Amino acid sequence: MPLPNINPTTTNSWKKLQEHFNYIKDVHMKDLFAEDKNRANEFTIKWDDFYVDFSKNRITEDTFKYLLELAEDVKLKEAIESQFSGEIINITEGRAVLHTALRAPESYNVTVDGENVLPEIYKVKNKIKAFTSEVVNGERKGFTGKAFTDVVNIGIGGSDLGPAMVVDSLQYYKNHLTTHFVSNVDGDHVNEVIKKLDPETTLFVVVSKTFTTQETLSNANTIKAWFLKYASEADIAKHFVAVSTNIDSVKNFGIDPNNIFPMWDWVGGRFSLWSAVGLSISLAVGYDNYDSLLKGAHKMDTHFKNEDFENNIPVVLALISVWYNNFFNAESEAVIPYSQYLNQFATYLQQGIMESNGKSIDRNGNPIDYETGTLIWGEPGTNSQHAFFQLIHQGTKLIPADFIGFTKSLHGNQDHQDKLISNFLAQTEALLNGKTEAEVVAEGTREDIIPFKIFQGNKPTNTIFINKLSPESLGKLIAMYEHKIFVQGVIWNIFSYDQFGVELGKQLASKILKEFNNASVDNHDSSTSNLLSHYKKLK
């Protein structure tokens, strides 16, 4: 069955939440903790190696109850079942949404158009495994007989952000291959990468489902032209592979058909790192670690699909996010990982969350008169504490934040880890409690400075504590946010898996590009016309 089309604002639970909000909007979390000594235990989920404390939120037992009722009212359970069973839930594009199938065990049966897709998935996975082994072990060589030392992933959007984030996050587990990512059509980007490469020992992975993406094809052709300064057309087959569905265009580029890794239309770009798009991940960290990443994601899939909502991590995080977005009018959420390895994590989530749920038309085709989507931003702690935390602590905006930490460091420096985690814990406590005028006065603060040193507190946070950053735990973490996206989309009654808003700018860019060599410029607003003329004059 397709997703239910229920306007959340018409549900009884939404009305209860509106009334409840008027009661709770000025309540301080400090008082809630004082009144309920068991609050932290009641609002904590312990699952596998995850410890998720959501007690530092502006919620009570009643809030939580009404949010859970909202999940029931919008038929979330049925929606989850529809997704996992391969129903066509991406209605606007006529597709199933089955990135979860990519990390399912081979024994599973997931059907699309009546056919089990698992055999085909495992055929591709086995091809990735064999190819990775050949490259990593030096069995597959370049045109001069040398083993590969570098891998370049050429893609953009989901064909870049996912693999780039995972490779960066798992660099502790990397092998001897050096991995590079080329995405921006800015020629300075690709040329800076080329400067570091040896054409004899570099493998290029061109990632484009249609093999027509302007940025990807422009970069691929620039790299190909550079490569052919040192090698022949026949050598392209040894150094270039493709992840695509457009077999003819890939072959015309010069890539050996045996080196094409297929994709499926039931996998959206921003959820595609689990598919052959993850080839560069497998090459960077080895297939076994890549497989552990997938297995971790599957564990979270199982938790999400089967766990009761009150103990379901993605569901709870999504409900809390809706609470702030739609009732407190909080426009953004910060994601703060206390690990430098997760330096690109918030950037990755920006695409996943904002491209999915940045919609203003509901599933009935009607304009929406309530807020959808959230702005996502963040940087690793402790760096972020010395950057934007001032705004969260004392600014006028309410910014809920997810704090992600790991109890064990990978390199084992306990002194550094203790200092890192002390900051991790201290910041959520500071955001909770703030600092009162009496506390500021007690510090001996000069009277005229007192107002500036007061912290209101009552700033909400979720604390996600994980034992260790491993391929498996990273897989769980990524899947957790994927399912959070899905839950929010169901609640907001929007289609989370199309991205038509991405297309308009591309269409206009193609039109403008043709005008660069025309004598005249027309059919634009006056600002764009002036800017276009200015560029043509100076280029």
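Bear in mind that the values in this text are calculations on the coordinates, not laboratory data. Quick caveat, the model's predicted, so the values are computed rather than measured. FYI the Cβ positions are ideal-geometry reconstructions off the backbone, even for glycines, and counts take in every protein chain you see.
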Fill in: Sequence-separation-based contact order of region 99-289, relative, with Cα cut under 8 Å and 6+ spacing, percent
29
Worksheet, complete the sentence: Computed over region 366-467, the relative contact order (Cα-Cα under 8 Å, seq sep at least six) in percent reads 38
Worksheet item: Hey, can you rank 210-222, 122-134 by average C-beta count inside 10 Å, highest first?
Response: 210-222, 122-134
Response to the item:
The local net charge around VAL193, scoring Lys/Arg +1 and Asp/Glu -1 for residues other than VAL193 whose Cβ lies under 13 Å from its Cβ, equals -4
Item to complete: Given a cut-off of 21 Å, name the pairs among LYS295/LYS484; LYS37/LYS459; LYS224/LYS539; LYS195/LYS537; LYS123/LYS174 whose C-alpha atoms lie farther apart than that in the structure shown.
Response: LYS224/LYS539; LYS195/LYS537; LYS123/LYS174
Worksheet item: When a footprinting reagent is the concern and you count Cβ atoms within 10 Å, what order do LEU420, LEU513 take, fewest first?
Response: LEU513, LEU420
Worksheet item: In the neighborhood of THR179, defined by Cβ-to-Cβ distances under 11 Å, what is the net charge if each Lys or Arg adds +1 and each Asp or Glu adds -1?
Response: -1
Worksheet item: What residues qualify as long-range amide H neighbours of GLN456, i.e. H under 5 Å apart, gap of 5 or more or another chain, H built at 1.01 Å from N?
Response: LYS435
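Among the DSSP beta bridges whose two residues both lie in region 305-457, what percent are antiparallel, rounded to the nearest 5?
Values: 2 of 9 bridges.
Around 20 percent antiparallel, to the nearest 5.
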Fill in: Relative contact order (%) - criterion: Cα under 8 Å, at least six apart; region: the chain
18
Practice prompt. Taking the Cβ of each residue in PHE465, PHE345 as the centre, tally the other Cβ atoms inside 10 Å and list the residues starting with the fewest.
Written response: PHE465, PHE345
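Can you sort ASP31, ASP301, ASP235 from fewest to most other Cβ atoms within 10 Å of each residue's own Cβ?
Ranking ASP31, ASP301, ASP235 by Cβ neighbours within 10 Å, fewest first, gives ASP31, ASP235, ASP301.
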Worksheet entry | Beta bridges per DSSP with both ends in the chain, % antiparallel, nearest 5 | 35
Item to complete: Add +1 for every Lys or Arg and -1 for every Asp or Glu among the other residues with Cβ under 10 Å from the Cβ of ILE260, and state the total.
Response: +1
Discussion item. Using a Cα-Cα cut-off of under 24 Å, which lysines could be cross-linked to LYS536, ignoring same-chain neighbours fewer than 8 residues away?
Written reply: LYS506, LYS511, LYS514
Discussion item. Explain nothing, just compute: Karplus ³J(HN,Hα) = 6.51 cos²θ - 1.76 cosθ + 1.60, θ = phi - 60°, for every residue of region 160-165 in order, whole Hz, x for Gly and Pro.
Written reply: 10, 4, x, x, 4, 5
